[in-house]
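Asker: This is the structure I have questions about; it appears just below.
The values are calculated or read from the model by the stated rules, or taken from the named source; none is laboratory data. Just so you know, these numbers come straight off a predicted model, no measurement behind them. All Cβ positions, even for glycine, are placed from backbone atoms using ideal geometry, and neighbour counts span all protein chains on display.
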Amino acid sequence: MDVGESSFAKSKSSSEIWAKLVSLDSRYEDVEISSKEVVIKSETKSSSQEKHEWCKITRNPDQFSATMQNKSSNLILVDEVVVQSEDVVDIKCGAEVIAGPNKEGYLNYKFKVMCSQESIKQKLKISIDIEHAKCSICLNIWHDVVTIAPCLHSFCNGCFSEWLKRSQKKQRGVLCPQCRAVVRFAGRNHFLHNIEEGLLQADPLLRRSDEEVAVLNSYATIKSNLVIRSGERQNRKRAHFSMDARSDSEDGNVDIDGEESDDAGPHCPQCGTEIGGFRCNPNTIHLQCQACGGMMPSRADINIAQHCLGCDRAFCGAYWQSQRLARSDIQLVCSQETFKPIAERTISRIPVQAHEMNQHEQDITDRCIRQAGRTLKDVIADWIRKLNNREIDRTRLQLNHAEMISAGTHLCNWKNAIISVFLNIPSPSKCSLVELSSVPTANTIALMLSQVHDRFIIFFDNDI
């Protein structure tokens with residue numbers, strides 16, 4: 001058994017110091033504790049420098065508390081509780097320990113636990129009952145968990161999507177499957193998804209079969225946050241907004257003025273007003289655009305992109321264009337430029353981010369393209385062709401649904417969705433390219449151009 005002494009001069013043990021007895025008298029040194037069980041030998045009286053063995057401290061399994069045994073012939077005090085000789089008492093971080101029967105004449109210490117990074121991580125681990133991580137619809141561990149509000153109950157995406165679909169068919173408000181509260185909001189819960197993954201890693205027996213997971217994924221329709229206005233009045237004061245003259249209404253114009261409502265926040269133009277042959281009913285589920293904040297109905301009956309396939313967030317530009325609704329100063333409607341297919345993106349020059357702000361490498365890429373007798377537009381067109389022919393390694397696409405992406409896929413201008421496609425080989429300075437100061441041969445140009453194809457970034461940013 002080790003003996004803990006108060007001495008700054010003493011070399012520290014190779015073991016980790018997990019606790020201290022901190023002297024409240026600055027004239028005396030702290031006692032460092034590095035062993036799981038240690039007899040403390042230190043000064044006990046304020047009037048004497050003599051050291052005595054007066055207690056034994058043993059670390060508890062929880063790593064954050066200990067037991068103290070009185071090893072002296074005198075009484076000691078722990079948080080004003082008298083501890084007889086050879087008696088044992090539990091102590092926690094912050095406990096006051098007096099090395100004698102009273103405060104007068106005896107040293108006063110504070111017990112302090114020194115938390116290591118490992119112990120902090122252990123303390124921060126979330127303890128969760130598996131029953132609390134189960135979907136109340138299928139009674140299994142969540143899969144692609146979604147949370148609804150205001151009741152904050154959570155379900156599998158596929159399970160709740162089916163519940164939502166059936167509620168809409170019955171033309172009634174959407175109620176929580178667990179508590180029957182009216183549902184106003186539903187969205188994917190990434191925090192609980194991490195817990196879900198942790199539980200499955202800890203106990204693989206909780207995993208569902210691949211067939212069951214595939215069925216759940218086929219039912220899942222919640223990609224971004226849904227706003228559910230269950231049975232609320234759809235009539236409300238509407239702002240004037242412009243529309244294409246080819247309206248589907250009988251007289252060619254659509255009256256968008258309605259009654260006033262106290263309902264605050266952005267509203268969907270198709271709530272209470274038929275536009276493009278569609279009008280929201282009281283139970284229509286809505287999506288909120290991530291760019292402008294406006295609302296649009298979530299529709300599976302039309303082949304119009306409402307979500308970015310790269311990030312699963314909702315964008316309204318393509319939908320409102322299909323409905324012939326134009327942007328105005330009042331109505332929240334995105335420009336089509338915010339959300340359109342890859343093939344329709346234009347780029348006039350290579351972005352500096354393509355070479356990690358390295359202007360020298362960018363100049364090399366530009367010269368490679370020019371010396372091959374091609375333009376940046378040609379390179380992009382060739383890349384789009386390869387993408388459609390599945391000649392591009394899609395594992396490089398750091399997007400949610402990389403295998404489904406084609407030239408006709410709608411992508412947003414989200415910074416993280418505009419990713420590196422070609423810049424995945426070493427820089428020109430490391431790949432033995434010929435010096436561009438010399439006159440390259442046709443074969444050399446072809447080689448350099450192939451490397452440009454492998455190293456180029458498609459940015460699809462119209463502001464570039």
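Asker: Here is a list: Q323, Q288, Q331. Which entry is outside the structural domain of R385 (by TED's automatic domain parsing), at pLDDT below 90, within 23 Å of the chain's Cα centre (by Cα) and over 27 Å from A381 (Cα atoms)?
Answerer: Q288
Asker: If you take the residues of the stretch 199-223 that are within 18 Å of E131 (Cβ to Cβ) and loosely packed, with under 14 Cβ neighbours inside 10 Å, which of them is modelled with the lowest pLDDT?
Answerer: Looking at residues that are within 18 Å of E131 (Cβ to Cβ) and loosely packed, with under 14 Cβ neighbours inside 10 Å, I get A202.
Asker: I'd like to check something: does the stretch 235-253 contain any residue that is at pLDDT 70 or above, within 25 Å of G187 (Cβ to Cβ) and assigned to a loop (DSSP other than H, G, I, E, B)?
Answerer: For the stretch 235-253, residues at pLDDT 70 or above, within 25 Å of G187 (Cβ to Cβ) and assigned to a loop (DSSP other than H, G, I, E, B): absent.
Asker: Going through the stretch 92-139 one residue at a time, which ones are of a type in the set (G, A, S), surrounded by 12 or more Cβ atoms within 10 Å (Cβ to Cβ) and modelled with pLDDT of 70 or more?
Answerer: If the condition is that a residue be of a type in the set (G, A, S), surrounded by 12 or more Cβ atoms within 10 Å (Cβ to Cβ) and modelled with pLDDT of 70 or more, then A95, A99, G100, G105, A133, S136 are the ones that fit.
Asker: Hey, does the stretch 65-81 have a residue that's over 26 Å from S26 (Cβ atoms), of a type in the set (D, E) and assigned by TED's automatic domain parsing to the domain that holds E29?
Answerer: No: zero hits.
Asker: Report yes if some residue within the stretch 50-58 is farther than 22 Å from I17 by Cα and of a type in the set (D, E); otherwise report no.
Answerer: Yes, the stretch 50-58 contains a residue that is farther than 22 Å from I17 by Cα and of a type in the set (D, E).
Asker: Within the stretch 22-32, can you find the residues that are more than 22 Å from V82 (Cα to Cα) and assigned to a strand (DSSP E or B)?
Answerer: E32
Asker: Would you check if V227 is β-branched (V, I, T) and modelled with pLDDT of 50 or more?
Answerer: So V227 passes the test.
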